[in-house]
1. Which one of the conditions (1) within 30 Å of Asp232 (Cα to Cα); (2) in contact with a helix residue (DSSP H, G or I) (Cβ under 8 Å, 6 or more places away or on another chain); (3) at pLDDT below 95; (4) in the same structural domain as Ala213 (by TED's automatic domain parsing) does Leu47 fail to meet, given that it meets all the rest?
2. Do you know which residues across segment 341-359 are outside any loop (DSSP other than H, G, I, E, B) and in contact with a Ser or Thr (Cβ under 9 Å, 6 or more places away or on another chain)?
3. Please indicate, with yes or no, whether at least one residue in segment 139-157 is out of contact with any Pro (no Cβ under 6 Å at 6 or more places or on another chain), buried (at least 22 other Cβ atoms within 10 Å of the Cβ) and not aromatic (Phe, Trp, Tyr).
4. I need the full set of residues from segment 36-89 which are without any contact (Cβ under 8 Å) to a residue 40 or more places away in the chain, over 21 Å from Gly316 (Cβ atoms) and buried (at least 19 other Cβ atoms within 10 Å of the Cβ), in order please.
5. With the requirement that a residue be closer than 22 Å to Gly110 by Cα and outside any strand (DSSP E or B), what does segment 40-73 give you?
6. Please verify whether segment 197-206 includes one or more residues that are crowded, with 20+ Cβ neighbours inside 10 Å and of a type outside the set (A, V, I, L, M, F, W, C).
7. Counting only residues that are β-branched (Val, Ile, Thr) and over 27 Å from Glu202 (Cβ atoms), give me the strands (runs of 3 or more DSSP E) lying completely in segment 74-175 with at least 2 of them.
8. What are the pairs with Cβ atoms under 9 angstrom where one residue, in segment 191-207, is on the phi > 0 side of the Ramachandran plot and assigned by TED's automatic domain parsing to the domain that holds Val149 and the other, located anywhere, is acidic (Asp, Glu) and at pLDDT 95 or above? Sequence gap at least six, or different chains.
Amino acid sequence: MKWLGYLLGAIVIVAIGLFIFVKVYVGSVNVPFGESDADLATIQSRLVVPAGFSVGVYGKVANARVLRFSRGGHLLVANPNNNQITVMQPDTDGDGMADGVTILIDQLSGPNGIDFFEGWLYIAETDAIGRIGFDHETGRTTGEYERLVTGLPAGENHWKKTLRFGADNLMYVAMGSSCNVCIEADKRRGSLVRYLPDGSGEELFAEGLRNSAGFDWSPADGEIYATDNGRDLLGDDFPPCELNLVRQGQHYGWPYANGAKIPDPDFGAGNEAIIEASIAPTFEFRAHNAPLGMEFVRGDAFPAEYQNAAIVALHGSWNRSNKDGYKVVSLHWDETGEVSERDFLSGFLKNDQTIGRPAEVTQGPDGAFYIADDYANVVYRVAYGEAPRKAAAALVTTAPVYNIEQSLADLDPAALSTAKLAGEQIYNQFQCVGCHADNNNALKKLENLGQKYDIASLAAYLKRPTAPMPVYPLSDEQRENLAIYMLSRYPGS
């Protein structure tokens with residue numbers, strides 16, 4: 001039995017080493033879990049915008065991600081974790097808030113990228129690209145949903161796809177990497193891919209883009225600029241996240257290089273030629289700020305200093321000892337092409353506590369910018385030259401109210417006991433306690449889950465969790481059992 005003792009000892013040593021590595025070398029895993037506990041009035045009271053601007057809550061939308069306006073003023077919101085797209089009705093009474101929120105289309109597979117082209121609404125799902133007819137006057141779909149491209153690389157780390165049409169009438173789709181750092185078996189991962197509108201003619205447009213969740217064409221020069229999230233596990237302050245000027249046929253470094261052609265410690269050696277030929281970033285964000293959605297300012301609704309500037313959502317860090325990012329910034333080009341960054345919407349992060357995570361941005365037909373927050377489940381509206389508006393009391397009460405004790409009590413006692421036992425086995429099998437211990441060594445403590453989720457919504461979250469939580473290979477039944485166990489263990493008061 002000596003071999004068993006040696007094995008157990010080795011496991012303990014590896015576990016301790018990994019914990020020390022994460023805490024000291026990597027920096028703490030420091031990221032919100034689930035949804036913000038703050039109400040809308042508290043959130044809005046903390047938000048800060050530049051002089052002359054105002055910020056208001058346009059409405060609440062669960063898992064608000066990519067935003068696109070129809071020609072009729074309907075704001076479409078992708079909800080990838082909910083497998084649906086919602087539509088926020090135009091503000092006809094002028095109170096600065098949507099007149100209502102309804103589901104536009106559901107039963108999709110992780111829809112994230114959305115755009116319009118020639119009477120169609122195009123949707124990038126995690127594994128496919130589809131389209132459906134869209135009436136811009138009514139804000140409703142017409143006909144049946146049709147998948148044009150199937151078999152896209154799905155799942156794993158950066159499973160969301162971002163889709164936009166360019167002025168060349170071609171469809172561009174950003175596909176994030178499957179990993180933190182690796183050489184992809186499917187070259188479409190970590191790349192910008194281009195298609196004809198019917199889904200044919202697939203070609204790699206640019207490579208080496210680890211997770212370019214947002215991109216847009218500059219009105220100043222017509223070039224594509226894309227955000228990119230730098231890799232993790234190299235400490236608090238390296239590597240930087242990036243803004244890249246993306247051109248056809250170019251390589252932007254990942255996984256061989258980080259930032260301005262700095263060789264990667266895992267994949268740099270032996271790939272010097274690729275690194276030398278790669279394109280350095282146009283601008284470097286702070287490490288782990290996680291820039292996602294971006295869009296250039298158009299029109300004259302903002303002051304002259306914002307003309308041709310880019311508005312970028314910084315989703316915020318997880319791989320840092322102290323949180324960073326968690327705001328919206330504007331990027332400004334000077335006459336020499338140098339880029340500077342300014343705060344545009346901040347206040348989501350205070351004393352290392354987070355109340356929101358900006359994910360996406362878009363400019364509305366009124367010239368204001370609309371910002372999706374997938375942590376507070378809110379869409380904000382930032383306008384220039386308007387009086388500030390208070391968050392409506394009615395909106396504060398629209399968040400779901402769960403009674404998890406009653407939900408668990410409604411289950412058959414034998415079935416509940418079986419589910420809790422199965423869920424606990426899964427919790428232990430995947431070593432969830434390594435990150436969610438009930439003590440001060442926890443990387444992220446689990447508390448009050450029953451106030452944020454019911455069984456169905458937590459099971460849905462476990463299917464597509466927020467990074468850095470990995471996606472585990474669980475069936476629907478296993479996810480439900482794990483949700484029941486976690487809600488029983490951390491119900492909240």
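1. In the conditions (1) within 30 Å of Asp232 (Cα to Cα); (2) in contact with a helix residue (DSSP H, G or I) (Cβ under 8 Å, 6 or more places away or on another chain); (3) at pLDDT below 95; (4) in the same structural domain as Ala213 (by TED's automatic domain parsing), Leu47 misses (2) alone.
2. Initial filter on segment 341-359 (outside any loop (DSSP other than H, G, I, E, B)): 341-346, 349-350, 353-354, 358-359.
Correct list: Glu341, Arg342, Asp343, Phe344, Thr354.
3. Kept after step one, since they are out of contact with any Pro (no Cβ under 6 Å at 6 or more places or on another chain), are these residues of segment 139-157: 139-157.
Next, from what is left, pick out any that are buried (at least 22 other Cβ atoms within 10 Å of the Cβ): none.
Within segment 139-157 (the criterion being out of contact with any Pro (no Cβ under 6 Å at 6 or more places or on another chain), buried (at least 22 other Cβ atoms within 10 Å of the Cβ) and not aromatic (Phe, Trp, Tyr)), the answer is no, since none of the residues qualifies.
4. Result: Asn83, Ile85, Thr86.
5. Across segment 40-73, the qualifying residues are Val61, Ala62, Asn63, Ala64, Arg65, Val66, Ser70.
6. Filtering segment 197-206 for residues crowded, with 20+ Cβ neighbours inside 10 Å gives 205-206.
If we keep only those that are of a type outside the set (A, V, I, L, M, F, W, C) too, we end up with none.
Checked segment 197-206: no residue is crowded, with 20+ Cβ neighbours inside 10 Å and of a type outside the set (A, V, I, L, M, F, W, C).
7. Values: elements: 75-79, 84-88, 101-105, 113-117, 120-124, 128-135, 140-150, 161-165, 171-175.
Result: 84-88, 101-105.
8. none
The values are calculated or read from the model by the stated rules, or taken from the named source; none is laboratory data. If you're wondering where the values come from, they're calculated on a predicted model, not measured in any experiment. Positions of Cβ are backbone-derived with ideal geometry, glycine not excepted, and every protein chain shown enters the neighbour counts.
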